[in-house]
Amino acid sequence: MSSQAVLRQFDPSSVVREPVRAKSSYVPSPRDERLASHMVRLDMNESPYGPSPKARAAIAAFVTTHRYPDFDQWALRDAIAAYTGTTPEQIFLGAGADDVLNLLAQATLEPGDEIIISEPTFGVYRMQANLRGAKTIDVPLDSDFQLDVDGILAAITDRTKYIIICTPNNPTGNQLSRDDIDRIVTSAPCLVVIDEAYSEFAGTSYADYPDRYQNTIVFRTMSKFAGMAGMRVGYAIVPKSMAPHMENIVQPCHNVSTVSAEAAIASLDDLDYLHEVIQKIIASRDELAANLREIPGVEPYPSATNFLLVKLPVEDAGPVVAELANRGILVRHFGNPALGLGQCLRVTVGLPDENERFLNQLADILEKA
Ligand SMILES: Cc1ncc(COP(=O)(O)O)c(C=O)c1O
């Protein structure tokens, strides 16, 4: 056979690892639809207020696109360490918390290893473990959306690399009990990852845990409270003994672009402004929840985040979410029926007029249903 013919027969997907080929999980909204300018985007838990003025100024003034970032990104790590009360050596950066989670999976997971999660929770954990051929063990939240601590401890095996605890949890929006988390952290003979992407809205923090407990890693992001989702800046706070190992798998420059790093540093120098934004979002969230309760049969769950999980008086919220999209409003529905989630939508707190549009359209759709 000629080499041309051999090449024509070559199937590029034959080199793809099986767990990657088998991947089926996160299905984002169709691309064109999400980005259309008339769409109200309340589906990704972004900040509707954008970055702080200092971050905007840093981005506008940025010119050194031709220079690689400092390999160790000390300036950003210094700023985050000061913000979190930790040390720069403990800060491990990535292009969003997702990237850092992925690097942790890369550093720790072999095929056949296990991680423990508690559904319903953030879908990326399962996806990243599966992609590495690791097993995801689900010990579901209880009916109050709290951890089943005994179940989690009983599910640990000698293949368990880490337990992921998301607090406040996405998509339920509630904080998990600190006593429960403490019991897990102090009993589990494996890593415990605490993802607090929404910590600034909850006003709680586990940033000191990696220093106190050798088995704890904390994840944070600039995407939510700082309005920087598009800049992709996330980080882990790791125990000092874990830091050198994480450094071994990080890409040179920590995956964070120079302009993103400068914008993040400027944001962390504008905390008064960001706290004002957080307070505005919390006030809007509480007003939105109160208004939702006025719609017959609609029940928002308590939230410590910038989004609400909302139970609707229908068996399946999917068609309602699809109709909202037809009317220009994007919110999330979760196929997972666990704990009544199929009846719920998740809505991000938007600008006051966006929240109002969502409310009016939802009330109209439910009235006609
Ligand atoms: C719980 C949780 N962790 C992590 C992330 C990812 O954040 P980032 O934008 O930093 O990748 C999200 C984003 O929605 C999230 O909800």
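The values are calculated or read from the model by the stated rules, or taken from the named source; none is laboratory data. Because the structure is predicted, anything quoted here is derived from the model rather than measured. So basically every Cβ, Gly included, is an ideal-geometry build from the backbone, and we count neighbours across all protein chains shown. Note: areas computed on protein heavy atoms with side chains; ligands, DNA, RNA excluded. Shrake-Rupley method; radii C 1.70, N 1.55, O 1.52, S 1.80 Å.
Phi angles of the stretch 255-270 translate, via the Karplus equation with coefficients 6.51, -1.76, 1.60 and θ = phi - 60°, into HN-Hα couplings of 6, 9, 5, 4, 5, 5, 4, 5, 5, 5, 4, 5, 4, 5, 9, 10 Hz per residue; Gly and Pro are given as x. DSSP assigns beta bridges within the stretch 55-269; of those with both partners inside it, close to 35 percent run antiparallel. Modelled this way, with points 7 Å down the Cα-to-C-beta line, the labels at ASP272 and PHE62 are 2.5 nm from one another. Other residues whose C-beta falls under 12 angstrom from the C-beta of THR84 contribute a net charge of -3, scoring Lys and Arg +1 and Asp and Glu -1.
To the nearest 20 debye, what charge dipole does the chain have about its Cα centre, counting +1 at the Cβ of each Lys and Arg and -1 at the Cβ of each Asp and Glu?
Values: 32 positive and 48 negative charges, 207 e Å.
My answer is approximately 1000 debye.
Per residue, the chain exposes an accessible area of 45 Å² to a 1.4 Å probe, with every protein chain left in place.
Between the C-alpha center of the stretch 255-306 and that of the stretch 204-238 there is a gap of 16 Å.
Report the relative contact order of the chain, percent, no decimals, based on alpha-carbon pairs under 8 angstrom and at least 6 residues apart. Walk me through the numbers on the way to the answer.
Numbers: 670 pairs, mean separation 82.7, N = 369.
Computed value for the chain: 22 percent relative contact order.
Computed from backbone phi, the HN-Hα couplings of the stretch 183-193 come to 4, 5, 4, 8, 10, 7, x, 8, 6, 10, 9 Hz, rounded to whole numbers (Karplus: 6.51 cos²θ - 1.76 cosθ + 1.60, θ = phi - 60°; Gly and Pro given as x).
Global dimensions of the chain from alpha-carbon coordinates: Rg and Dmax equal 21.5, 72 Å. Of the trypsin sites (Lys or Arg not before Pro) found in the stretch 39-79, the ones in coil according to DSSP and having at most 16 other Cβ atoms within 10 Å of their Cβ are ARG67.
Report in % the part of the accessible area of the chain that belongs to carbon and sulfur, leaving out ligands and nucleic acids; probe 1.4 Å. Of all accessible area on the chain, carbon and sulfur atoms account for 53 percent.
When GLU114, GLU367 are compared by accessible area at a 1.4 angstrom probe, the order from most to least is GLU367, GLU114. Put simply, the convex hull of the Cα atoms in the stretch 55-269 casts, on average, a shadow of 11.2 nm². Projecting the Cα atoms of THR65, ALA79, MET44 onto the dipole axis of the chain, where Lys and Arg carry +1 and Asp and Glu carry -1 at the beta carbon, places THR65 farthest toward the positive end. So, counting K/R as plus one and D/E as minus one, what does the shell of residues with Cβ under 12 Å around LYS224 add up to? Net local charge, LYS224 excluded: -3.
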